[in-house]
Amino acid sequence: MSDHHLPPEIVSEILYRLPVKSLVKFTSVCKAWNSLITDQTFIYDHLNRTIQASNGNNFLFFHVYFHEFRGRRRHLRMHNEYFYSMYSVNKQTNHPFLERLPFSHLFQDNRWPLFVSTCNGLVCLADCFSPLHFFLPLDYETMLIWNPLLRKYLVLPKPIKTFKEHERFEYSLYFGFGFDSRNNDYKVIRFMNHRSTQDTPHVEVYSLVSCSWRSITVRVPHFHLGKYNGLRASFVKGAVHWVVSRRRIDGLEDTFILSFDVTEETFQELTLPRQLGESEWIHSILIDVEGGHLLVIVNRRYRNQQLVYNVWVMKEYGIAESWTELFEFDHSHYGGISKILALTRSGKVVMELVGGAIVLVDPIKELLEPIEHPAACGTTSVRSYVESLFFINKEPGVFSF
């Protein structure tokens, strides 16, 4: 096939508008197309156009099934099965599409995949301990940067500072993943702190451009995870965010958002909605991203033991007064809400109902659309995603730069 009768700029404009799966096939058309599609500039330009044209309704669902069995010595063991579902809505037809794919081969048996964060179509994962050890300090053996659409992944080298097996109870680990727009670089943030001291955590940054870890000296506000889901990191406005806590002198806890600017490589604190202090008990707080804004999804119980879910958005980044409540859901709504997972750009809410069904809810029209129903004895988490050509010029499976 030849494209000599079309100006190169017209060919580029056509290819820019095609989905990733089509572009992967078209790399085999001719050398010129292969060279263009695998070019780094084309990859970044295609990503930016995809983000601008995104309807915000594309998600990755990660599912982990637990299968318990007892060995010869009657020790309880856990066999885990991992798979993910790519959910997208066609922009032209508005028709949803769901594709289920396994990824168990990325992890050892009896291990637990921690989904650190998603960014520009890439996913950062850590190979952690199995849920049998969920009460233990976090440890891991492998970290990956993965393009699920292309099914290619990069295994990161070991970090600079690690701890030995007998020290595992003494340290806590935290991870983040984001994009440095100034230097066109993806970065993984890893910091570890001693659980019994107030020492400044050891912070390391992995750069995809340099393919290496480096330690940085930076001020980190004192914090601990407490009862909140701080291990889920979200990238928005050029920074990675976690929900963390800090114990006050009176014994109570202050909860706030810890952020790390991946370009400036500095930590800051962001305030949660002040109204959250009125609740009797906050069970968990989840950070998410919607349309370039920071969201917090709160599960709290009032004095009458009524369980409710609140969704808040920070309309002006960094301005505490801009927190606005979008929705409030009673636990018993829609037959019983188990978990609020995400919010789409169009204002729909992704929920997990009691019994495990995943649904997409329009809270204004009170419409409910089933997405899927994973098997019991497992857990599901969700991240937003966009299509990306990153890693297209690499061989499938494990590779290094």
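The values are calculated or read from the model by the stated rules, or taken from the named source; none is laboratory data. The structure displayed is predicted, hence computed values, not measured ones. Cβ: placed from backbone, ideal geometry, glycine included. Neighbour counts: every protein chain shown.
Of note:
- Enumeration of residues in segment 342-358 that are modelled with pLDDT of 85 or more and surrounded by 20 or more Cβ atoms within 10 Å (Cβ to Cβ): V349, V350, M351, E352, I358
- L367 being hydrophobic (A, V, I, L, M, F, W, C) and modelled with pLDDT of 85 or more: yes
- Residue in segment 63-80 that is modelled with pLDDT of 65 or more and exposed (fewer than 15 other Cβ atoms within 10 Å of the Cβ) present: no
- Complete set of residues in segment 248-273 that are without any contact (Cβ under 8 Å) to a residue 40 or more places away in the chain and part of a loop (DSSP other than H, G, I, E, B): R248, I249, D250, G251, L252, E264
- Lone qualifier among L295, L225, L231, L286 - being at pLDDT 75 or above, in contact with a strand residue (DSSP E or B) (Cβ under 7 Å, 6 or more places away or on another chain) and aliphatic (A, V, I, L, M): L295
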